[in-house]
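Here is the structure we will look at.
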Amino acid sequence: MNSVLYPLCAGLNLLALVYKLRVLLRDRSPVQWALVGNFFFPFLIYAVSTPTVWVAVSHATGIVNFSGLFTQSCVMLLTASQQLVLLHLTYERRVAWRKAAPRLAGIGLTLATMVTLFSAATYASESPTDFAISRALFSPAYLVVYLIAYTWNQIDVCILCWRYARIAPTPWLRRGLRLVALSLPAALAYSASRTADVVAAQFGVAGHAWEPIVPVAVTINTIAKTVGWTLPDWGRYLTSLWENIDRRTTHRKLKSFHREVTTHIPDLVLKLDQGLDMQTRLYRLVIEIRDAQRALRIWMDPQVTRIAQSKAEAAGLEGDDRSATIEAAQLKAALRAKVIGAQPTAHTSAPHIAEPQSLAAELVFQRKMARAFARSPIVASVLTSVSPTPATPQEGTT
C-alpha cells in the first residue's frame, strides 16, 4: 500500500510546489515562503517514505533507518511551515514572529530530542514499512516524543485555521482553511494508531494488525491539506466554471419563457449577432421579458392579481416565490386576454410585484417566474377562476 499511496501524495505535493514556486517569483512574503514549505516538506516525506527510496536514501547516508528520522523530522518542519502561514495571515509581521517563536523553539527542541534518541538506539536492518512499529518495540521514548509533538501541533494548526477562517477576506480562502482544519480527524487516527503501537509494545505485541490504518489516514490528511492550501489559488476557476454553467442553464430555462411571452409582441425582440457572449444574450432576455410585462399591462386584470395573491398566501408562499407566482399569473392571463382579443382595461395592474436590485437577483427571480408560468398549479387555478371577455365588435362592422 505504501508503494502506491506515498508516491501519489509525493506527486500531488510536487505539482503544488511547482505552482507555488511560480507565485514566489512575484511575491516573496513570509506567507509565500512558508507555503512553499507546506508542499516541499510533504514531497520529501512521501518521496523518501516510498519503500525503494527509503532504502536507497539510508544506504546513501550509511545510517540504518536514517530515512525514518529524516521523514519524521520533515513532519515537524512541515508543521512549523503551516503555523507560520496561519500566524502571518492572522497577525502583522512583528506579532506573528513573536507568536511563532515559542512554537518554533518547541519544534527545535523536539527535533534535537528525536536526533538524540535515534542516535542512542540500535538498528538491525532497514524498516521501510514498519519503522514506527520497530521504534515502539525497541525505542519507545523516541516515538512518544514524536507523537506528542505531532499531535499537539496538528491540533494547534486546526485551531489557527478555524480562527482565521472567520475573518479570511475571500470565500475560497475560508473554504481552504476549513478543509485543512477538517483533516484533523485523519491526523488523530494516525496518532491513535501509533499510540496503540507504543501501548502494545509494552506487552510484547507488535502493531501490524492495525498498521493498514496508517497509510490511509496520512494519505487522507495530506490530500485534504494539499487541496486546502491550494484552494484559494484555483478555487476561483471553479467559480468561473460554475458561473458559466449557471448562465447557460439560466439562458436555456428563460429562452422558452421568453419565446412564449414575446410571441405576440415581436417588436420587442432584437436580433442578436451569433458571436455575442452568453452574458449579453442573457441580459437581453431579461430586458425583453420585462419589456413584455410592461407592454401587456393593459391586459392585466386587477382581479387576477387579487386572486393570485389570495391563492399564493393560502399555499404558504412567501417572498420572491409568492411574487413570482403572482407575476406569472398576471402575465399568463394577460397573454390569453390579448390572444382572444379582450378589451384592454383602463385600470391596469402594476406589472411588477418584486423589484430585484441586481442582475443576479433578477435572474433568480425570473427563473422562479418562468417555472411558475410553466407549471404552477396556482397559476392554472387563477386562469380557471377568471375568464376574459372578448372585445365586442363595433356597430357597423361585419
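The values are calculated or read from the model by the stated rules, or taken from the named source; none is laboratory data. Keep in mind it's a predicted model, so treat the numbers as computed, not measured. Virtual Cβ from ideal backbone geometry, glycine too; neighbours counted across all protein chains shown. All accessible areas refer to the heavy atoms of the entire protein, side chains included, with ligands and DNA or RNA removed. Shrake-Rupley method; radii C 1.70, N 1.55, O 1.52, S 1.80 Å.
Brief remarks on what is shown
- Residue-span extension gain [residue 281 to residue 19] - 0.36 nm each, minus C-alpha spacing: 90.7 nm
- Mean residue ellipticity at 222 nm, helices only, the chain: -25500 deg cm²/dmol; runs of at least 4 DSSP H residues each add -39,500 (n - 2.57), and the sum is divided by the number of residues.
- All aspartates and glutamates inside 20 Å of residue 99 as judged from Cα atoms, apart from same-chain residues fewer than 8 positions distant: 156
- Of the trypsin sites (Lys or Arg not before Pro) found in the range 1-83, those that fall in a DSSP loop while having at most 11 other beta-carbon atoms within 10 Å are 26, 28.
- Leading residue at positive end of dipole, the range 212-296 (Cβ point charges), from 292, 220, 241: 292
- Residue ranking by accessible heavy-atom surface, 1.4 Å probe, largest first, among 320, 291 comes out as 320, 291.
- Taking Cβ atoms as reference points and 15 Å as the exclusive limit, the residues near residue 193 contribute a net charge of -1, counting Lys and Arg as +1 and Asp and Glu as -1.
- Hydrodynamic analysis of the range 180-223 uses the Kirkwood radius over alpha carbon pairs. Inserted into Stokes-Einstein at 25 °C and 0.890 mPa s, it gives a translational diffusion coefficient of 229 µm²/s.
- All other residues whose Cβ lies under 10 angstrom from that of residue 334 are scored, Lys and Arg at +1 and Asp and Glu at -1, for a net of +3.
- Ligands, DNA and RNA aside, residue 14 has an accessible area near 70 Å² when probed at 1.4 Å.
- Cβ-based net charge around residue 227, under 13 Å, with every Lys or Arg adding one and every Asp or Glu removing one: +2
- Heavy-atom accessible surface of the range 54-125: percent carbon and sulfur, 1.4 Å: 67 percent
- Rounded to whole Å, sorted largest first: equivalent-ellipsoid semi-axes of the range 163-246, Cα gyration tensor: 38, 14, 7
- Counting every pair of alpha carbons in the chain, the share spaced more than 33 Å apart comes to 54 percent.
- Each 10 Å bin from 0 upward holds the following percent of the Cα-Cα pairs of the range 293-332: 33, 52, 15, 0.
- Between the range 99-116 and the range 47-89, the Cα center-to-center distance that results, in Å: 15 Å
- Projecting the Cα atoms of 269, 37, 185 onto the charge dipole of the chain, computed from C-beta unit charges around the Cα centre, puts 269 farthest toward the positive end.
- More than 25 angstrom apart: percent of Cα pairs within the range 190-335: 60 percent
- Rh by Kirkwood over Cα pairs, then Stokes-Einstein D for the range 124-205 at 0.692 mPa s and 37 °C, µm²/s: 228 µm²/s
- Accessible area (Å², per residue) of the chain, counting only protein heavy atoms and a probe of 1.4 Å: 51 Å²
- Top positive-direction residue, dipole computed over the chain with Cβ charges, set 334, 58, 171: 334
- Over the range 1-135: Kirkwood hydrodynamic radius from C-alpha pairwise inverse distances, Å: 16.1 Å
- Split the accessible area of the range 202-256 by element, probe 1.4 Å, and carbon with sulfur accounts for 66%.
- Once the chain from residue 33 to residue 272 is taken as fully extended at 0.36 nm per residue, the excess over their C-alpha distance is 81.0 nm.
- When the P(r) of the range 68-197 is calculated, the portion above 23 Å amounts to 39% of the C-alpha pairs.
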